[in-house]
Amino acid sequence: MARKKKELPFLEKVTIKDVAAEGKAIAKIDDLVVFVPFVVPGDVVDLQVKRKKNKYAEAEAVKFHEYSPVREVAFCEHYGVCGGCKWQILPYQEQIKYKQKQVTDNLTRIGKIELPEISPILGSEKTTFYRNKLEFTFSNKRWLTYEEVKQNVTYDQMNAVGFHIPNAFDKVLAIEKCWLQDDISNRIRNAVRDYAYEHNYSFFDLRNQVGMLRNMIIRTSTTGELMVILICRIDEEHHEEEMVLFKKLLQHMADSFPEITSLLYIINNKCNDTITDRDVFVFKGNDYIYEEMEGLKFKIGPKSFYQTNSEQAYNLYKITRNFAQLTGNELVYDLYTGTGTIANFVASKAKQVIGIEYVPEAIEDAKVNADINGIKNTLFFAGDMKDMLTQDFINQYGRPDVIITDPPRAGMHQDVVDVILFAEPQRIVYVSCNPATQARDLALLDEKYKVTAVQPVDMFPHTHHVENVVLLEKR
């Protein structure tokens with residue numbers, strides 16, 4: 001006989017107390033911590049628990065008794081469904097306050113090290129239309145909202161272009177207007193969608209791996225250049241006729257949007273959406289756009305990584321350079337250098353900068369960016385950080401005076417930390433998008449290095465993400 005499923009609790013008139021990670025908020029019932037999405041501190045709600053463990057539970061608000069005095073109305077029509085911008089209902093100054101608390105809590109609770117006073121978080125001047133890159137997905141399985149399902153209507157058009165729904169890998173929410181990128185992005189996406197509807201283009205079916213239109217990436221820059229990459233699946237049996245059809249759509253885009261300076265396409269017939277191993281073809285214009293900072297030009301290709309908030313990236317890099325305290329005589333190592341943006345940005349203030357990065361294509365971009373700007377004092381190496389940064393590498397290329405490190409969310413490998421301790425630079429500037437793993441690494445460095453400055457930077461308004469720059473100096 002099957003075991004009867006235990007009924008989960010219904011909690012009445014619960015006051016939301018705090019903000020948690022991943023855009024959720026917190027309520028506390030005795031010793032139980034309850035995580036709730038789409039609410040803010042001060043809301044009084046009835047909660048239906050959806051998942052329960054010994055120490056915590058996850059719930060959804062099913063009725064509001066009182067709205068918090070700090071609550072705002074979400075500005076996006078897709079709020080609560082698309083899964084992004086979860087803090088829209090929290091005023092920006094409140095978001096900043098909680099991000100500051102997040103950094104402080106992580107560094108003190110996880111790091112357990114002596115800290116200076118943490119500087120006030122540097123907020124983003126733009127809180128909408130601030131991103132320089134978005135990726136949209138085409139799907140023949142449009143996500144129907146709860147309201148649409150309730151209407152019990154049969155929809156003729158089930159193709160959609162927009163964002164994947166959380167926890168529904170093959171469903172896409174049709175986006176009419178996204179507030180993250182310049183409005184040209186909305187106009188291009190909707191124009192491509194309308195043309196595809198009118199001319200009966202097939203949208204990708206992720207489960208059955210059929211359909212032409214797969215993904216579209218739009219990249220903008222502060223120089224006014226605009227890149228669009230359209231990614232398709234081409235049926236091998238009907239290759240010629242499908243390519244003719246696909247290029248008609250590309251021509252329509254080129255004709256409709258003369259602002260596009262780089263119109264590219266990729267054929268991806270694989271089961272997954274990654275394009276790093278796919279060839280890129282130019283339909284119109286260049287295969288790159290440029291970003292600029294302080295007169296430096298950074299070439300950005302279709303596969304290049306670049307901080308997605310250009311204006312805040314400039315502030316982040318300035319803080320990093322200031323923390324490094326360069327006089328022109330230092331050997332600097334830039335770990336996880338990406339496309340060498342930080343390395344090339346600080347090069348004029350250093351004797352030499354050595355950048356190391358896992359992705360070979362990114363290192364090629366870094367070298368190109370150095371060449372474009374006439375920078376002669378940078379060296380770039382590609383390889384896994386823990387394999388590249390060794391004692392032999394230090395002995396060959398010299399002990400760094402300053403190390404700048406900007407690792408992925410997982411933080412630094414223990415072997416990398418050990419080599420940094422062996423290298424004994426005078427200063428370490430640690431840039432992180434995850435204060436929790438940063439705190440863990442700071443504790444590992446604490447025996448030889450003291451944290452002397454901390455500057456959080458908000459790169460992503462309306463999300464829980466925060467960048468944090470920490471200066472460590474030799475004890």
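Candidates are the residues of the stretch 342-383 that are of a type in the set (D, E, K, R) and not in a strand (DSSP E or B); the one that is most open to solvent (accessible area, probe 1.4 Å) is K376. Test R207 against the criterion of being outside any helix (DSSP H, G or I), surrounded by fewer than 18 Cβ atoms within 10 Å (Cβ to Cβ) and in contact with a strand residue (DSSP E or B) (Cβ under 7 Å, 6 or more places away or on another chain), and give yes or no. So R207 fits the description; yes. Summed over the stretch 301-321, the residues that are modelled with pLDDT of 95 or more and not in a helix (DSSP H, G or I) give a count of 1.
Scanning the stretch 73-104 for residues that are small (G, A, S) and at positive phi yields a total of 2. Can S310 be described as closer than 23 Å to S124 by Cβ and open to solvent by less than 10 Å² (accessible area, probe 1.4 Å)? Judged against the criteria, S310 is not a match.
Taken together, the criteria exclude G42 from residues that are in a loop (DSSP other than H, G, I, E, B), under 31 Å from the mean Cα position of the chain (by Cα) and closer than 23 Å to N167 by Cβ.
From the list L115, L134, the lone residue that is open to solvent by less than 70 Å² (accessible area, probe 1.4 Å), among the aliphatic types (A, V, I, L, M), modelled with pLDDT of 95 or more and assigned to a loop (DSSP other than H, G, I, E, B) is L115.
Each row is one residue, and each column tells you yes or no for (1) among the aliphatic types (A, V, I, L, M); (2) in contact (Cβ under 8 Å) with a residue 12 or more places away in the chain; (3) under 28 Å from A453 (Cβ atoms); (4) assigned by the TED database to the domain that holds M459.
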| residue | (1), (2), (3), (4) |
| --- | --- |
| G328 | no, yes, yes, yes |
| G340 | no, yes, yes, yes |
| I354 | yes, yes, yes, yes |
| P360 | no, yes, no, yes |
| I372 | yes, yes, no, yes |
| N377 | no, yes, yes, yes |
| T390 | no, yes, no, yes |
| Q396 | no, no, no, yes |
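Just so you know, in the stretch 453-466 the residues that are open to solvent by 10 Å² or more (accessible area, probe 1.4 Å) and out of contact with any Lys or Arg (no Cβ under 9 Å at 6 or more places or on another chain) include one that is farthest from S119 (Cα to Cα), and it is A453.
The values are calculated or read from the model by the stated rules, or taken from the named source; none is laboratory data. Everything numeric here is computed off the predicted structure, so don't read it as measured data. Quick reminder, even Gly has a Cβ in these numbers, built from the backbone with ideal geometry, and neighbours come from all protein chains shown. Just so you know, the surface numbers come from the protein's heavy atoms only, side chains and all, with ligands and any DNA or RNA stripped out. Shrake-Rupley method; radii C 1.70, N 1.55, O 1.52, S 1.80 Å.
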